[in-house]
Amino acid sequence: MWVLPCSRILPLALVLPITVVGCNKAGGAPELKKIGIFTQSGGNLVEMPKLGTLATTYGPRLYPELPEYDIPVVTDVGPIYVNIPDFPVTSLKGIEWHGYRLGGNGSVGSPSTAMPQDWKSVTLVTEPTKTVGLFKVVVGSADANTGRWKPELDHEYFGLTVDGGYKGGPIWAVRIK
């Protein structure tokens, strides 16, 4: 009667350390050779493409340089990794918004039609990794254990921009569904 439980405990005792070592390795920063900004979603590393710029006439406006179908779709935003040499990581700001063209569908020279509920700033926490030049960025309100975060239900895009985009800087973004 006692033989059966002991035989189950021994294999479990051997598997547990292997699982912990695997999780520890998986929980670290990914090894990135490619230059760019990446997020983790669903166990995969996804590149956040660089889109157009933001401007501040009646709130930010995004003019994408990529068609909407080229923006990766993720289920949530995990830790973000910045692998761009000499990049001002401390000036990164997060932004989430609704609609492909942040600010409405007006022409480039017209005022933005964005309302305050269409977009908002997102607090970020930035820290260097053990790899020189690779920085980890996490949304301030992300889950403490996983680093995962999902924007409000009425927003469908999330991006990073330098100085909040107020200087016409680029934005790196993903679409969240």
*26 Å Cα-Cα threshold exceeded, pairs from K34/K130; K34/K120; K50/K93; K130/K177*: K34/K120; K130/K177
*In square angstrom, rounded to the nearest 10, how much accessible surface does S121 have for a 1.4 Å probe?*
80 Å²
*Report the label-to-label distance for D143 and L45 in nanometres (one decimal), using points 7 Å from each Cα along the Cα→Cβ vector.*
2.2 nm
*Ordering of 91-99, 34-42 by packing [mean C-beta count within 10 Å, highest first]*: 91-99, 34-42
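The values are calculated or read from the model by the stated rules, or taken from the named source; none is laboratory data. Remember, it's a predicted structure, so these values are computed and weren't measured experimentally. Positions of Cβ are generated from backbone atoms using ideal geometry, with glycine treated the same way; all protein chains shown enter the neighbour counts. In case anyone asks, the SASA skips ligands and DNA or RNA and just uses the protein heavy atoms, side chains included. Shrake-Rupley method; radii C 1.70, N 1.55, O 1.52, S 1.80 Å.
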